[in-house]
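Everything below concerns the one structure shown next.
The values are calculated or read from the model by the stated rules, or taken from the named source; none is laboratory data. Bear in mind that the values here come from a model prediction, so they are computed numbers and not experimental data. As a convention, Cβ positions derive from the backbone with ideal geometry for all residues, glycine included, and neighbour counts pool all protein chains shown.
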Amino acid sequence: MNVLIVNQSVVDMIGSFFTLLIGAVDVDGTRMSRDSIRDQFVCRIWFTRLPLWSFLITSTYNMFLMAVERFIAVVYPIWYSNNVRIVSLLISIKHQEKHFY
């Protein structure tokens with residue numbers, strides 16, 4: 001459970017950072033060219049706010065994963081203590097990150 005809480009804290013912190021960064025940085029899109037790699041990055045990643053949405057979706061799925069984990073721990077405590085290991089939680093977190101990035 002502590003791994004999920006730490007993961008949630010880190011994801012929320014980075015999501016908050018991107019929220020502040022998007023609010024603080026104003027990019028003028030009128031003078032962009034197709035030849036510039038920077039302009040392509042700004043157009044495809046920054047204007048779509050992909051980093052922000054990625055971390056918000058990851059945060060939502062992590063909250064869901066914590067709720068399911070707590071549900072199993074409360075409803076099936078013996079099964080939970082015998083079968084759920086920290087490795088399975090780490091694998092599910094890695095799968096979650098791989099799916100969204």
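Which of the residues spanning region 1-18 are modelled with pLDDT of 85 or more and within 12 Å of the chain's Cα centre (by Cα)?
The initial filter retains those residues of region 1-18 that are modelled with pLDDT of 85 or more, namely 5-6, 8-17.
Scanning region 1-18 gives GLN8, SER9, VAL10, VAL11, ASP12, MET13, ILE14, GLY15, SER16.
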All conditions in (1) over 12 Å from the mean Cα position of the chain (by Cα); (2) at pLDDT below 70 are true of GLU69 except (2)
Tell me, yes or no, whether region 19-42 has at least one residue that is surrounded by 14 or more Cβ atoms within 10 Å (Cβ to Cβ), of a type in the set (S, T, N, Q) and modelled with pLDDT of 80 or more. yes
Residue hits (region 73-93; modelled with pLDDT of 80 or more, under 22 Å from TYR61 (Cα atoms) and either exposed (fewer than 13 other Cβ atoms within 10 Å of the Cβ) or within 23 Å of the chain's Cα centre (by Cα) (or both)) are VAL74, VAL75
